[in-house]
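Data first, discussion second: the structure below is written as structure tokens.
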Amino acid sequence: MKNVARFIVLVSMLAPAALAAGVEPAALVMSTPASIIHDDIERTYRLYVPDGAGPFPLVVVLHPLRSTGVRMERYTRFSKLAQKENFIVVYPNAVLNRWNDRAYRPHAIDDVGFIAALLDHIEANFPVDTARVYVTGASNGGTLANRLACDLGNRFAAAAPVIADVPYLVQLRAGSAEPMHILMINGTDDPLVRVSILPE
């Protein structure tokens with residue numbers, strides 16, 4: 001529970017940075033590009049692994065629509081935080097910069113399967129504490145984080161989507177059996193991702 005709370009605090013502190021302009025190059029701690037093959041498609045990502053023996057927590061960070069993992073890395077500065085706090089962070093890339101979050105209708109790209117395969121690959125090759133794997137994302141990436149919480153909930157200790165909701169199609173076909181910790185960060189004046197205000 002302590003680790004989940006720490007992850008939620010870190011994400012909530014960094015959420016405004018996801019919308020900020022770029023940071024000074026000298027301040028950046030950058031990840032390494034890599035790829036795996038999933039469904040006969042080369043799927044790319046960036047990975048930062050801190051020094052040390054581990055095992056380390058792992059944070060999956062999903063970029064918004066029409067963005068990339070490297071842009072998300074620069075905006076959120078998660079790699080710099082990972083260096084300081086000793087966790088692994090991965091920034092996957094969507095095919096054509098759009099995640100299959102099932103917000104409106106399914107499409108052919110299996111992003112849930114890709115993230116599951118990516119977790120398998122990282123956990124097999126790096127010292128990951130599998131009890132401390134987390135997912136966050138912004139906008140389209142945040143909606144995919146919600147889908148992953150529903151469909152791959154057994155792989156994550158917590159999820160913290162930003163600027164995102166839980167689409168009806170995700171709710172309808174959720175596959176996870178166990179509840180999990182969720183922090184949803186949304187703006188009440190957001191014209192695109194609307195949230196309901198409960199009466200006091």
Q: Exactly one condition in (1) at pLDDT 95 or above; (2) touching a Gly at 6+ places or on another chain (Cβ under 9 Å); (3) open to solvent by 20 Å² or more (accessible area, probe 1.4 Å); (4) not in a strand (DSSP E or B) is not met by V70; state its number.
A: (2)
Q) Which one is most open to solvent (accessible area, probe 1.4 Å) among residues in segment 133-153 that are farther than 20 Å from E178 by Cβ and touching a residue at least 60 places away in the same chain (Cβ under 8 Å)? A) S139
Q) Is it the case that D129 is part of a loop (DSSP other than H, G, I, E, B) and of a type in the set (D, E)? A) no
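The values are calculated or read from the model by the stated rules, or taken from the named source; none is laboratory data. All values reported here derive from a predicted model rather than from experimental measurement. Reconstructed Cβ throughout: ideal geometry from the backbone, glycine too, with neighbour counts over all protein chains shown. Heads up: the accessible areas ignore ligands, DNA and RNA and are worked out on the full protein's heavy atoms, side chains in. Shrake-Rupley method; radii C 1.70, N 1.55, O 1.52, S 1.80 Å.
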